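Peer 1: Please see the structure below; I have some questions.
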């Protein structure tokens, strides 16, 4: 794996050079393992093979680089302890590379988490074949993670996620329960492609929102309302589904019942395109300003900051890579608030000191 330099991106205050070199060397090792992985003999299901190859193998350098960046950022913020003394949680890990890299780096424990039991079993099978099996696997959301760690007397030092926080139904709930994972110092590094600062990224997400809303959520919401509130015609169902785009569950039914009785809809979407799955409230790429993340974190005693991400510079096109390198240089040298406006993703870094 060539040119995995993270010199431009790692926050090195308090970061031991030996740990920096360790993460980079293990990133190289993981890259080689995955590039040489025999997909023809693996026991993974076909959809898992397709997903991992499409989302990670095709841009494997960038995937591992982002995972390494999250680990290095967390280590720099944690400061005092060595990797071998820290417990690492990959929250909403799916079939990614962060938990694999963490396992290679030699953390005290690595905890894999995902709400989807099938993803968990697939990740476990893949890690077994790669000989990179984390010590703990947890199905569920942050509540189940807290319960599991309490049951096994585990104190988590670092929580990391990639493209998870933009989907969470309730950020304050997330930070509140995450704070219970350690009575001492803890660092969270959550990166998200839903970078509300970059106008081009936002416009791209608007397009994605409209597509998902049209193809899935709008009809799901209509069906959900019709199953719980009788006597509404097709036009009324459509009207209610459109109005309830940013609420879910019982809140939708309350609005629908109120409309049935008064013919008034007392809720309106507060964002031009944000929408969520109607049953459980999972957002599709929720576009939020960094201040919302910081405020939600502060409510549970976390200190938060929003950092700019960086551009992939390993495309086939030399011109695209050249532009990416120029933008990364600019992100590095200008103040953080301005860097967020030209970065493709942002990273919410939160620290709890008790």
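The values are calculated or read from the model by the stated rules, or taken from the named source; none is laboratory data. None of the values given here were measured: they were computed from a predicted structure. All Cβ positions, even for glycine, are placed from backbone atoms using ideal geometry, and neighbour counts span all protein chains on display.
The rows are residues; the columns are (1) without any contact (Cβ under 8 Å) to a residue 40 or more places away in the chain; (2) closer than 30 Å to residue 155 by Cβ.
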| site | (1), (2) |
| --- | --- |
| 279 | no, no |
| 282 | no, yes |
| 286 | no, yes |
| 292 | no, yes |
| 295 | yes, yes |
| 305 | no, yes |
| 328 | no, no |
| 337 | yes, no |
| 349 | no, yes |
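Peer 1: Same structure again: Identify all residues within the stretch 317-340 that are within 19 Å of residue 290 (Cβ to Cβ) and loosely packed, with under 11 Cβ neighbours inside 10 Å; write none if there are none.
Peer 2: 335
Peer 1: Determine if the stretch 93-111 includes at least one residue that is within 29 Å of residue 279 (Cα to Cα), at pLDDT 95 or above and not in a strand (DSSP E or B).
Peer 2: Yes, that holds for at least one residue.
Peer 1: Criterion first (farther than 20 Å from residue 273 by Cα, surrounded by fewer than 17 Cβ atoms within 10 Å (Cβ to Cβ) and under 18 Å from the mean Cα position of the chain (by Cα)) does residue 173 satisfy it?
Peer 2: Taking the combined requirement at face value, the residue satisfies it.
Peer 1: So, one more: Among the candidates 191, 153, which residue alone is in contact with a helix residue (DSSP H, G or I) (Cβ under 8 Å, 6 or more places away or on another chain), at pLDDT 95 or above, assigned by TED's automatic domain parsing to the domain that holds residue 48 and not in a helix (DSSP H, G or I)?
Peer 2: 191
Peer 1: Separate question: Can you name the number of the only condition in (1) touching a helix residue (DSSP H, G or I) at 6+ places or on another chain (Cβ under 9 Å); (2) surrounded by fewer than 19 Cβ atoms within 10 Å (Cβ to Cβ) that residue 244 fails?
Peer 2: The number of the failed condition is (2).
Peer 1: Restricting to the stretch 292-319, count the residues that are part of a strand (DSSP E or B) and under 17 Å from the mean Cα position of the chain (by Cα).
Peer 2: The total comes to 5.
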